[in-house]
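The values are calculated or read from the model by the stated rules, or taken from the named source; none is laboratory data. Only a predicted model underlies this, so the values are computations on that prediction, with no experimental measurement involved. For neighbour counting, all protein chains shown are included, and Cβ atoms are generated from backbone atoms with ideal geometry for every residue, glycine included.
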Amino acid sequence: MAVIQLSSLCSRVVCVAEEAGDLIEKMSRLPLQIKHKQGQGLVSQVDMASEKLIIARLKELLPQASFLAEEDSFLNKRARQSGEWQWVIDPLDGTNNFIAGIPFFCISIALTFKDEPVLGVIYNPVLKDCYKAWKGGGAFMRERNAKRFLRIEKINSSKKLGDCMLATGFNHEKGQETPCEFEAFFEAVQTTRAVRRIGSAALDLAYLAAGVFDGFWEQGLAPWDVAAGTIICQEAGVKVSTFIGEMDIHGRSIIAARPFIYKKLKKALFPILLKKSR
């Protein structure tokens, strides 16, 4: 890996996310122009304006890096680029929530090296919560009105699966029929304290890293949904994988959980999820 100061770069990426968040807040007062992305939900002019700003700023930070960004991919402006360093961007994860005025959406920015996330920032522009991590540096969070980031301590616990709170999302909302998702959801509801569906995979992973949730699973995801959350979770001591192997941001599925329940969650859900995830 080339010598790049990930800690200082991460702080600058936080500033980029905050600038994009300010733009989103300003544009949210304007009439929204909404388009439907086949199999991917909704997109507005706010998503695209946020992405344009983020890409412009990140080019200044790391000129040698290529980009993999949600709206850019949707518009087919360029094919997936090659190169060791790549920014993976979701300019507004949780667009349905944003359009409805529900304050659970975020900006997700990750830097990958040979497809492995090495830096991640997730920022909620409404609640002002921010989560960040870089490889080997730990994970950090800054809550609303806080002036500085605090390290997220790794949680060691013997909590039973029945006492855990989980999060998930549904591929069905993207136009794909996956009945096993609802079967898995029913199983999780029966065997845990509660299951929540927030509507933003990036925020689900950030909250998991922070200790709000104990586990998360979802399929039908894209790299920009999980790249930043993956490194934040890993640096917070959360085990992350796809349904069928080691974590791969292009793997279309994710299961993440505290080490003390990962195997239990896998044992409970995998026989169901693997029916149609191969």
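What the table below lists for this structure:
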| read-out | value |
| --- | --- |
| Residues (surrounded by fewer than 18 Cβ atoms within 10 Å (Cβ to Cβ), of a type outside the set (D, E, K, R) and at pLDDT below 95) located in the range 75-98 | Leu75, Asn76, Ala79, Gln81, Ser82, Gly83, Asn96 |
| Residue match in the range 232-254 (condition: buried (at least 23 other Cβ atoms within 10 Å of the Cβ), farther than 23 Å from Leu6 by Cα and either in contact with a Leu (Cβ under 8 Å, 6 or more places away or on another chain) or assigned by TED's automatic domain parsing to the domain that holds Trp134 (or both)) | yes |
| Criterion (of a type in the set (Lys, Arg), in the same structural domain as Leu265 (by TED's automatic domain parsing) and touching a residue at least 12 places away in the same chain (Cβ under 8 Å)) met by exactly one of Arg144, Arg193 | Arg193 |
| Test result for Ala227, loosely packed, with under 14 Cβ neighbours inside 10 Å and either at pLDDT below 95 or not polar (S, T, N, Q) (or both) | no |
| Some residue of the range 255-275 being surrounded by 19 or more Cβ atoms within 10 Å (Cβ to Cβ) and within 15 Å of Asp93 (Cβ to Cβ) | no |
| Which numbered condition Val126 misses (of (1) modelled with pLDDT under 95; (2) in a loop (DSSP other than H, G, I, E, B); (3) at negative phi) | (1) |
| The one condition in (1) modelled with pLDDT of 95 or more; (2) closer than 24 Å to Ser28 by Cβ that Phe113 fails to fulfil | (2) |
| Criterion violated by Leu150 - all others in (1) surrounded by 15 or more Cβ atoms within 10 Å (Cβ to Cβ); (2) in contact with a strand residue (DSSP E or B) (Cβ under 7 Å, 6 or more places away or on another chain); (3) under 21 Å from Asp129 (Cβ atoms) satisfied | (1) |
| Odd one out for Ile155, checked against (1) in contact with a helix residue (DSSP H, G or I) (Cβ under 8 Å, 6 or more places away or on another chain); (2) surrounded by 15 or more Cβ atoms within 10 Å (Cβ to Cβ); (3) assigned to a loop (DSSP other than H, G, I, E, B) | (1) |
| Sole residue being over 28 Å from Ile272 (Cβ atoms), among the aliphatic types (A, V, I, L, M) and touching an Asp or Glu at 6+ places or on another chain (Cβ under 7 Å), chosen from Ala201, Ala167, Ala139 | Ala139 |
| Matching option when the condition is within 18 Å of Leu111 (Cα to Cα) and either outside any strand (DSSP E or B) or out of contact with any strand residue (DSSP E or B) (no Cβ under 9 Å at 6 or more places or on another chain) (or both), among Ile231, Ile272 | Ile231 |
| Per-region count, the range 164-179, residues within 21 Å of Phe213 (Cβ to Cβ) and either surrounded by 16 or more Cβ atoms within 10 Å (Cβ to Cβ) or modelled with pLDDT of 90 or more (or both) | 8 |
| Residue match in the range 12-25 (condition: modelled with pLDDT under 95, out of contact with any Leu (no Cβ under 7 Å at 6 or more places or on another chain) and within 25 Å of Cys130 (Cα to Cα)) | yes |
| Residue check, Leu208 in contact with a helix residue (DSSP H, G or I) (Cβ under 7 Å, 6 or more places away or on another chain) and in a helix (DSSP H, G or I) | yes |
